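Accompanying notes for the structure given below.
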Amino acid sequence: MVKIHSQGSARSEQQADASLAARASLDDCDRAALIVQGRQQRQQAWLTQQAAGCEWLAVGDFGWGDPVLAHSCLVGATARREAADGRWFAGSYQVPVFTADQSFAIGWEQLFDEVAEARALDLAVKPVLLGPLSYLWLGRSLDPAFDRLELLESLLPVYGEIFARLAAQGVEWIQLDEPLLTLELPLAWRTAFERAYNLLQREPLKKLLGVRHGELIDNLGLAAGLPVEGLHVDWPRSVQAQQGLLDRLPAYKTLSLGLVEETEAGQIGQQRRLQFVRQAGERLKERLWLSPAVFSRDADAVQAAAQAAEFACLVRTARQAALGKPVAPREQPWSAIEAALAKLGAAQSGLVSS
């Protein structure tokens, strides 16, 4: 069956009033209260997503206002605050700083604690991590003559350790976000992708390569050919991009499509998405996953609810196409899951603000 999974809550809003960078200045009582608040917000988000039919829930997406800094803590690297270009992460983030003798090691237990929290609630989880190449790309070398790409060999074993610990916790899938693949890449970085993911292939867990916040244009062949079990992309906008994605995807690989807040509006856009999801469902069947849009706190609640209702229709269409059944009329009553999905858009904007 076509699966529904979550990309998490809006990253720019999570615990934005009490960032990870500010935690060190808090006293023990305030820090403890903040930890409790974070746990409550995560559980509210997970249970809302579960009620909406998501079968895999994102874990590790709560970056305490700065997912890059959170990842630096996880892999034991240092960071400093610099202005961000806003391409992938809203606002500013603490940029990783690297030296020629940089070492990496698991330095923070937060990810594993969140997995344990979700597993205690009997939830199926899919941790979301920043991929190794995108993480190095976002960083800066203290020595301008030093190429930070040389650190890949020492960084990858830490990913292997993370995967092993997550597998021991009962995790089956992990999502590695590589937004870097939306850019035109130098040859050295393209080659590094192939080497890195061939090495990571040996590690436990099924891997979903996430390419969000942009489109796969020049790097479609590279992303589709990497040795991972699945590929997640933002919803392709053009017919050419949609067809290219289906044609280049290997026969063994899962394809995940995620709606985004900026999805083409209007009836024509909706019809194009229905046509594509029907085609994808017919071709991929259970290898097709769908993910609802993630809305920020400032998103229009009416728009969010309308897009969530459309997503429910896309899910139904994909599932019927995968089973070889004719698509039922739009007026047919929705299932309980589809009704919950229709409410998800309105709820999404309140997940992190309550």
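Quick one: in the range 156-170, of everything that is surrounded by 14 or more Cβ atoms within 10 Å (Cβ to Cβ) and among the hydrophobic types (A, V, I, L, M, F, W, C), which residue is nearest to residue 112 (Cα to Cα)?
Among those residues, the one meeting the criterion is 166.
Of all residues in the range 204-241, which are out of contact with any Asp or Glu (no Cβ under 9 Å at 6 or more places or on another chain) and charged (D, E, K, R)?
Across the range 204-241, the qualifying residue is only 229.
Please go through (1) modelled with pLDDT under 95; (2) surrounded by fewer than 17 Cβ atoms within 10 Å (Cβ to Cβ); (3) outside the structural domain of residue 315 (by TED's automatic domain parsing); (4) of a type in the set (D, E, K, R) for residue 206 and return the number of the only condition it doesn't satisfy.
(1)
Taking interchain pairs and intrachain pairs at least six residues apart, which have beta carbon atoms under 9 angstrom, with the first residue in the range 245-259 and under 18 Å from residue 4 (Cβ atoms) and not assigned by TED's automatic domain parsing to the domain that holds residue 217 and the second of a type in the set (Gly, Ala, Ser) and assigned to a loop (DSSP other than H, G, I, E, B)?
Final answer for the pair search is 258/293; 259/293.
Would you mention how many residues in the range 68-91 are on the phi < 0 side of the Ramachandran plot, modelled with pLDDT under 85 and under 19 Å from the mean Cα position of the chain (by Cα)?
Of the residues in the range 68-91, 4 are on the phi < 0 side of the Ramachandran plot, modelled with pLDDT under 85 and under 19 Å from the mean Cα position of the chain (by Cα).
Given (1) more than 12 Å from the chain's Cα centre (by Cα); (2) surrounded by fewer than 22 Cβ atoms within 10 Å (Cβ to Cβ), identify the lone condition not met by residue 213.
Looking at each condition in turn, residue 213 falls short on (1).
Among the residues of the range 116-132, is any at pLDDT 80 or above, assigned to a helix (DSSP H, G or I), crowded, with 19+ Cβ neighbours inside 10 Å and not charged (D, E, K, R)?
Yes, there is a match, as at least one residue in the range 116-132 is at pLDDT 80 or above, assigned to a helix (DSSP H, G or I), crowded, with 19+ Cβ neighbours inside 10 Å and not charged (D, E, K, R).
Run down 250, 204 and say which single residue is in a loop (DSSP other than H, G, I, E, B) and under 20 Å from the mean Cα position of the chain (by Cα).
Of the residues listed, the single one that is in a loop (DSSP other than H, G, I, E, B) and under 20 Å from the mean Cα position of the chain (by Cα) is 204.
Please determine whether any residue of the range 216-223 is surrounded by 20 or more Cβ atoms within 10 Å (Cβ to Cβ), over 24 Å from residue 153 (Cβ atoms) and assigned by TED's automatic domain parsing to the domain that holds residue 309.
no
Looking only at the range 173-187, which residues are assigned to a loop (DSSP other than H, G, I, E, B) and surrounded by 14 or more Cβ atoms within 10 Å (Cβ to Cβ)?
Correct list: 178, 183, 185.
Scan the range 146-169 and tell me whether some residue there is under 24 Å from residue 7 (Cβ atoms), assigned by TED's automatic domain parsing to the domain that holds residue 76 and either modelled with pLDDT under 95 or not in a helix (DSSP H, G or I) (or both).
Within the range 146-169, one or more residues are under 24 Å from residue 7 (Cβ atoms), assigned by TED's automatic domain parsing to the domain that holds residue 76 and either modelled with pLDDT under 95 or not in a helix (DSSP H, G or I) (or both).
Against the definition (among the small types (Gly, Ala, Ser), over 28 Å from residue 161 (Cα atoms) and not in a helix (DSSP H, G or I)), how does residue 214 come out, yes or no?
It is true that residue 214 is among the small types (Gly, Ala, Ser), over 28 Å from residue 161 (Cα atoms) and not in a helix (DSSP H, G or I).
Filter the range 253-278 for residues that are within 20 Å of residue 220 (Cβ to Cβ) and of a type in the set (S, T, N, Q); which is nearest to the chain's Cα centre (by Cα)?
The qualifying residue nearest to the chain's Cα centre (by Cα) is 256.
Take residue 32 and tell me if it is at pLDDT 75 or above, surrounded by fewer than 15 Cβ atoms within 10 Å (Cβ to Cβ), not polar (S, T, N, Q) and not assigned by TED's automatic domain parsing to the domain that holds residue 126.
yes
The values are calculated or read from the model by the stated rules, or taken from the named source; none is laboratory data. Everything numeric here is computed off the predicted structure, so don't read it as measured data. Please note: Cβ atoms are built from the backbone with ideal geometry, for glycine as well, and neighbour counts cover all protein chains shown.
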